[in-house]
Each structure stands twice: as C-alpha cells, then as structure tokens.
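Below: one structure, written as structure tokens.
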2 protein chains.
Amino acid sequence: MPQISINSGRLLEDMSRLRTFGACGTGVVRPAFSEADIAARKWLANRMKEAGLEPVFDPAGNLFGLPAGDRPCLLVGSHTDSQPEGGWLDGAYGVIAGLETARTSIEAGGPPVAVVSFQDEEGRFGVLTGSRIWSNALSLAEADRLADATGRTFGEVRRSMADLCTGDFLPADRFSGFIEAHIEQGPVLDSAGEVVGVVDAIVGIRSENLRFRGQQNHAGTTPMAMRRDAFQGLVAFTDELNRRLAEIVTPASVWTIGHVAVHPNAASIVPGEVDFTVQWRDGEDARLDRMREVIIGAAEKTARTRGLELERSAYMAVPPTATDDTLRARLEAAAEKLASGKWRKMPSGALHDAANVSRLMPVAMLFVPSIGGISHDFAEDTAEEHLVLGAGVLAEAVFKSQ
Amino acid sequence: MPQISINSGRLLEDMSRLRTFGACGTGVVRPAFSEADIAARKWLANRMKEAGLEPVFDPAGNLFGLPAGDRPCLLVGSHTDSQPEGGWLDGAYGVIAGLETARTSIEAGGPPVAVVSFQDEEGRFGVLTGSRIWSNALSLAEADRLADATGRTFGEVRRSMADLCTGDFLPADRFSGFIEAHIEQGPVLDSAGEVVGVVDAIVGIRSENLRFRGQQNHAGTTPMAMRRDAFQGLVAFTDELNRRLAEIVTPASVWTIGHVAVHPNAASIVPGEVDFTVQWRDGEDARLDRMREVIIGAAEKTARTRGLELERSAYMAVPPTATDDTLRARLEAAAEKLASGKWRKMPSGALHDAANVSRLMPVAMLFVPSIGGISHDFAEDTAEEHLVLGAGVLAEAVFKSQ
C-alpha cells in the first residue's frame, strides 16, 4: 500500500484562492446563491475537473466532483457558502481538504474519492438546505417556497444557477460513506493545545419557548411582598435550572437562555410577562429527555411557588447523530498516527451537513482547532499547520478505506 | 367653630361629570392639552366660578380657583389630565375633592381655600410638567422646547390654550400650604381593609442603568465552563442583590429590574451583553444611599467573579419629599375622627405634584384606596363611600386649619 502525502502548498493555495470570492477584510461575504457564491462554485467545479473529477451540479445547487468509474466510493466535503458576515474557513476548509484528498488519492493510486460542496448550509433559506433536500428531508417543491429575509424564494434564486444545474440528484448508493472535515467553531481544541478532534456524535438540539405571566404593576406603589414579578420568576427559574441540571449532565452538555423579552420592559413598571427560550444540546437522546424533564419541572415549580402562570408555546427537537464506528475508527487511527496524544474524541455542538447525510449512509467528522474558539466572524482563523495536518488525517483515513 | 360636612351628592356628581370628558369605557383618555383635557378645564373653571372662586389659568395651563381676599390660604387639588389610557380617578379625584372642600368651607363660613388642577402631571412632556414650571424647577422657555412622542412641543400645544391662559404665574406666598388628595395607586390600603392613608413622605427614586459585557458565543460549541454569559451574570447579580438588600430595607422599600435588553437575543447564541435598569425607592435619603452601595457592590462582585465587564451608563436621583408635620397632624386627626382605626401613615411610592410644590410651601397628602391596587388602567376604581370619606377627611383637616 503506497504512503499517502497531501500537497500542502496546493491545499493552502486553493484555500487562499477560494477566500478571494466575496473577500471582505479577513473574512468573506458569500451567502448561498450570491454572485460570489456562484462564482466560487464555478471555480471549484473547474478545480475538480483539473483534478480528474467530473463536476455535477444537482437541482438544489449542491456541487459534486465524481471520480471515474461507478463503484461506490467515499464522499468527502462540506459547504462553501458563508454566513452574511462569515469567516474564511468554516465549511470551505472541509471542501478544499476533501478536494486535496481526492486528487492526492488519484495521484497516489489510492481509492476513488468524491467531493461535495453542499448549498446553503448556513441557512439563508432555513437550516442546511442543500443537504436536507438531497437526503429527502425536504422536497425540492417545498424548498422552492422557502423565502430568505428579503422575501426572495429558494425557487427564484436557484434559477439563477439554472445554466449550471443540469445534473439530476445523485443516487445515495453511488457513495459508501461521508466524511466531513470542518473547523471546530468552539474553544475546546485550541484551549487544550490539541490539533484534531474526531467527532463521536453531532449533538441533538432541543428548545422550549416559555412564558411566565405575573402581574404588571407600578414599581413605586407595589410593595415587594405583593408583587408577582415575571422577571424575578425567570431569575428564580434559572437558578433552579442551573442547580438541577448540574446534577445530571456531562461536561459536554450545554444549555442556554439566549432570548429574553420582558414586558412592558420599562424601568418604572414591575414586569408582567417574560418570554424566553431554553435551548439545550447533548449527544444522547436519553439525556436530552432527562434535561427536558428538569427544565419543565423547574419552570412549573417556579410558577407554582411565585403565583405565576406558565405557558409553553413551542418545542423543537433535532435528534443527535451518531457517527459510524468504522469510519470513526479510521479517523482515530489516522489522528493517532499523525498527531499522537494531541487529538481527542468530542461531540460536535453545532449542526453540520453530516447530520442530514447520515440518513443516507454512514458518516464521520473531523475538526481542526478554531483560534480562540471564534467562528461566524471575520476574525475566524486556524493555524496553517493545523489546516495541513487536518487534511493529512482526512487523506490518511480515506486512503486506509480501500 | 361650626361642624363641617361636605355634600357627598355634589362631590360624586362632579366626579361623574368630569369622567365624561374623554370617556372611554370605564376609563378616560384625557392627556394634557388634548381637546378633552381643555374642555374639562373649561368646565372646571366654570364650576369654580359657581362655587365663588375666581378661575385663573397660568401660562403653563395650570388652573387655579382663588377665594376672595388676599390673605394666604391653603391650596388643595391635584391634576385632571390622564395617561393616554387612564383611569377615571387618579388626580381628578383630588381636584374635585378639593373643589368640594373649598365650596363647603365657603358655605360653612370656614377658612378661605384655593383649588388647583396642575397641567401635564402624567408627563406627556416629561414628568409633572405644570407643577415643575410653577415651582421654578423648569423654566417656561425650557418647557416650550420639550416634545411629546409625536414631536409636538409644549410651546406649540400651550398656544392652543392661549385664549384661556391670560393670567400670570401666581406668587407662591398667596398660599400657606398645599394638600393633595389622590388615589393610592397601590394595593396597601385595599388589601388591609383600610380606608385612608396619610402620606409621611413621597419616596425618593434612584435608578442605575447597568451593562454586563461578556463574550458572545455559539450556544452549541461553547462548553458551559468556558462561557462568559452576560444573561447568567444578570441572574447571579439579581440573586445577590435580593439577598443583600433584604438585610437593610424596610417593608416600604422597593427595587425593580424592569428593563432588560439581551444582545444579540437569539436562542442559539450565548448572550454577549445585557443592559438593564435597577430602580429603587425609599422615603429616606440615607437608606437610598445604602441601597445604592449594595447595588453597585453586587454588580461589581458579579462582574469580578464571572469575568464580565461592568458599565454604568446613567444614574438618576429624585430626592424624597417629607410632608409637613403640622399639615400631616391635621390630616391624621381628621382621619382618626372620621375613620378611627381604619387609616395608616404610609409613604407615597409614586411621584406627585406635591413633591414639586414642596419647594414653595409646606405640603401634605392623603390617599384613598385603589380597588385591587389598579391604576393607569381603565379598570381603576375606588368605592364611592371611600371617595366621600376621603373628601370629608380633607375638608375636616382644612377646616381645622383656620
């Protein structure tokens, strides 16, 4: 079996070139279907062709680069669209690392490897739109009716790529599995001085929209003992929640009260209502269930003891995605070979296209460190040596899969 | 000395008539300088004249009813403007109770009594605008530049009363003191089954606008232990504050976190900033000072222990107003005579015109119960017998002042 060795100069050159599409300071502005996004996809299709892959745009705008032959092969990649104000790496890193892996494999006589850049991962039209359509979680007809913040629909904007999107949706059985490389987008690897993360699960996300309703009152004439202050209810609830959740979670579990709306929100008025969200994430469904019981129990107890009414207006659940044991073992072996003692298994706290693709085939994921944990920001960055190392781990794992 | 006895039918009739100006369901819509407000003032001026008082509109739109003669007399009253959606009583009660007191005194050969309805107590152009101008806390020229929420200025709207406002500002030495009757606007009397409150102090109001600045982060990829969550800082601060203030306050002290703004206020983002107000009220300046020390101390401790930055952007202080010992003693004696065992001394948690007038002369205040503590709401109400009793206490106290 030949030794695989990626071309680090070519990897970094392609990363730099991709960065120029929608460049804005140190970041990029390259939302799905923007001029910069379409130009970047055209460039990427050309780079695929130069690498010996056949570029295929499917009707959703997802771009695949297919190796010769038709036996099932591994698919590697991520997405090249960005947030409205995004970092230069994000999913773009996974796509170029995938491209470098595929062409290295061709050059080294390794296994055939396909590459993908999914469309609208960043959610101009929802969440992970391109991979959601390909994995049959959303029909193209439904997607076409989705509108962005300005009212333009998915159906409208994908017509602007009609000259490119001449291919049909690719059958899932063309691929044996999917590996997505991505920046971590969190501080864990960077702060631990580690260089690679092998994802064991993409965490599940749950959220509850809650409301405490008390009694709006004059902040001067209402004695403390006679108040039913909705905001003070939220404070008591949050305390109770933090105390009770700490007893049942792992260090990888998270919960966030990120949205709070106090009514009527005036300095001189005792708050009569407060709307808020509790969002929580964990890799295990059973723990997500237990966390939900604690959240609802704490809210009910707070309402009962403080004379508040509790309303639950919306509940959302995205299940966790376990990664495939075999693919993960290959990534772990590659990480141990190239970065012994400097990698870890870890959950992905963010959603990724791999979560959708897992409906179709086995998936795995690989992280490189985000400096300072920063992402979705022009300041997003990763050390060059870690970009090279991550692509090397990916190539090593893919090479061993033949 | 003749016995004084108000005409309860006439009091309630005038209350009912005044209620028709700007009537809206059970409430009134009679903001300062609205058509309904000006019509109500014209009607009131006429009722003053019929009672033997000379009506005088000063340049700010304050309406005085002056008794014959020029020796200093007591001034009684409040205001007849309402909140944009107000209750039928509020200050209107104090004005009509004052008018009934003045005409009863004339009929019974009691002391001369003047009546007033201040303009814009409810703050279309700020706070207690009419009495602020009369008490020289705000010049007419400064007031003229104040704009309401729609951009109209005080100078503009007072010109719409120019045909009425032909009098000059009245000299303060025309009056020996001011007594303001008002509904309580809180639940204390109603819930205790008491019928009269004699105000010992109008509480001072302080407020701080504060900000905790932490680190905005992804709610999925940022472990709990690495967060600097500004909202969680506010929760910890509020706990600390409640615990520490409880040790130094009286049952009449209040504090309120009424305004909260979380940034960026999204379910999936760890809050990076939170702006909030702490407002606190008490009858004693020394206690207000101690409360401020606790508030700032708790905020600084929270910032220090949680790695947050603390900013203080605005501080506001309105000093407490002590009521006059002699006037208050007369109200207490009258309350004990007419409602023995069913009245209390209490602070006013709301600001009133009396706070401004105290710059010019001794002041006192009298409360009647608010059913359910409700005010600034169409549902605001007081039992008829309590309206009558309150006016009786006012008249008794005024009568004993000659």
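Scanning segment B:258-277 for residues that are open to solvent by less than 10 Å² (accessible area, probe 1.4 Å), under 14 Å from B:Arg213 (Cα atoms) and among the small types (Gly, Ala, Ser) yields a total of 1. Taking each residue of segment A:265-278 that is facing chain B (nearest Cβ under 9 Å) and at positive phi and looking for partners that are open to solvent by 10 Å² or more (accessible area, probe 1.4 Å) and part of a strand (DSSP E or B) with beta-carbon atoms closer than 8 Å, six or more apart or interchain, yields A:Asn265/B:Ala261. Filtered by the rule that a residue be farther than 25 Å from A:Met226 by Cβ and crowded, with 22+ Cβ neighbours inside 10 Å, segment B:278-300 gives a lone residue, B:Ala299. Every residue in segment A:240-289 that is over 24 Å from the mean Cα position of the chain (by Cα) and over 28 Å from B:Tyr315 (Cα atoms), please. Within segment A:240-289, A:Glu240, A:Leu241, A:Asn242, A:Arg243, A:Arg244, A:Leu245, A:Ala246, A:Glu247, A:Ile248 meet the criteria.
Counting the residues of segment A:184-200 that are away from every other protein chain (no Cβ under 12 Å) and either under 19 Å from A:Arg292 (Cα atoms) or part of a strand (DSSP E or B) (or both) gives 3.
If you go through segment B:202-221 and keep only what is more than 12 Å from chain A (Cβ to nearest Cβ) and either open to solvent by 10 Å² or more (accessible area, probe 1.4 Å) or not in a strand (DSSP E or B) (or both), you end up with B:Arg211, B:Arg213, B:Gly214. Within segment A:156-173, the set of residues being open to solvent by 100 Å² or more (accessible area, probe 1.4 Å), over 16 Å from A:Ser135 (Cα atoms) and of a type in the set (D, E, K, R) comprises A:Arg159, A:Asp163. Is at least one residue of segment A:21-30 touching a residue at least 60 places away in the same chain (Cβ under 8 Å) and among the β-branched types (Val, Ile, Thr)? So far as segment A:21-30 goes, yes, one or more of its residues are touching a residue at least 60 places away in the same chain (Cβ under 8 Å) and among the β-branched types (Val, Ile, Thr). Within segment B:1-46, the set of residues being outside any loop (DSSP other than H, G, I, E, B), of a type in the set (Gly, Ala, Ser) and under 24 Å from the mean Cα position of the chain (by Cα) comprises B:Ser16, B:Ala23, B:Gly27, B:Ala36, B:Ala39, B:Ala40, B:Ala45.
In segment A:354-365, the count of residues that are modelled with pLDDT under 95 and either buried (at least 24 other Cβ atoms within 10 Å of the Cβ) or among the hydroxyl-bearing types (Ser, Thr, Tyr) (or both) is zero. Filter segment B:47-64 for residues that are in contact with a Phe, Trp or Tyr (Cβ under 9 Å, 6 or more places away or on another chain) and not in a loop (DSSP other than H, G, I, E, B) and give the result. Residues satisfying the conditions are B:Met48, B:Glu54, B:Pro55, B:Val56, B:Phe57, B:Leu63, B:Phe64. Considering each residue of segment B:90-110 in turn, none proves to be more than 21 Å from B:Val363 (Cα to Cα), of a type in the set (A, V, I, L, M) and touching a Phe, Trp or Tyr at 6+ places or on another chain (Cβ under 6 Å).
Quick check on A:Phe231: is it touching a strand residue (DSSP E or B) at 6+ places or on another chain (Cβ under 7 Å) and crowded, with 18+ Cβ neighbours inside 10 Å? So A:Phe231 passes the test.
Scanning segment A:91-128 for residues that are in a helix (DSSP H, G or I) and open to solvent by 20 Å² or more (accessible area, probe 1.4 Å) gives A:Ile106, A:Glu107, A:Ala108. Of all residues in segment A:247-267, those being modelled with pLDDT of 95 or more, aliphatic (A, V, I, L, M) and part of a loop (DSSP other than H, G, I, E, B) number 3.
Of all residues assigned to segment B:344-365, at least one qualifies as being more than 23 Å from B:Glu121 (Cβ to Cβ), among the basic types (Lys, Arg) and in contact with an Asp or Glu (Cβ under 7 Å, 6 or more places away or on another chain). The residue pairs whose first member lies in segment A:245-257 and is more than 25 Å from A:Phe231 (Cα to Cα), whose second member is part of a helix (DSSP H, G or I), and whose beta carbons are closer than 6 Å, counting only pairs six or more residues apart or on different chains, are A:Ile248/A:Arg290.
Only residues that are assigned to a loop (DSSP other than H, G, I, E, B) and at the interface with chain B (Cβ under 10 Å from one of its Cβ atoms): list them for segment A:222-246, please. Those that are assigned to a loop (DSSP other than H, G, I, E, B) and at the interface with chain B (Cβ under 10 Å from one of its Cβ atoms): A:Thr222, A:Pro223, A:Arg227, A:Asp229.
Determine which single condition B:Thr256 fails, assuming it passes every other condition in (1) at the interface with chain A (Cβ under 7 Å from one of its Cβ atoms); (2) touching a helix residue (DSSP H, G or I) at 6+ places or on another chain (Cβ under 8 Å). Unmet for B:Thr256, out of (1) at the interface with chain A (Cβ under 7 Å from one of its Cβ atoms); (2) touching a helix residue (DSSP H, G or I) at 6+ places or on another chain (Cβ under 8 Å): (2).
Give segment A:65-89 a look and list any residue that's surrounded by 23 or more Cβ atoms within 10 Å (Cβ to Cβ), assigned to a loop (DSSP other than H, G, I, E, B) and touching a Phe, Trp or Tyr at 6+ places or on another chain (Cβ under 9 Å), or say none. A:Thr80, A:Asp81, A:Ser82, A:Gly87, A:Trp88 - these are the residues of segment A:65-89 that are surrounded by 23 or more Cβ atoms within 10 Å (Cβ to Cβ), assigned to a loop (DSSP other than H, G, I, E, B) and touching a Phe, Trp or Tyr at 6+ places or on another chain (Cβ under 9 Å).
Scanning segment B:174-192 for residues being of a type outside the set (S, T, N, Q), open to solvent by 30 Å² or more (accessible area, probe 1.4 Å) and within 22 Å of the chain's Cα centre (by Cα) gives a total of 2.
The values are calculated or read from the model by the stated rules, or taken from the named source; none is laboratory data. Note that the coordinates shown come from a computational prediction; the quantities given were computed from them, not determined experimentally. As a convention, Cβ positions derive from the backbone with ideal geometry for all residues, glycine included, and neighbour counts pool all protein chains shown. Surface areas here come from the heavy atoms of the whole protein model, side chains and all, with no ligands, DNA or RNA. Shrake-Rupley method; radii C 1.70, N 1.55, O 1.52, S 1.80 Å.
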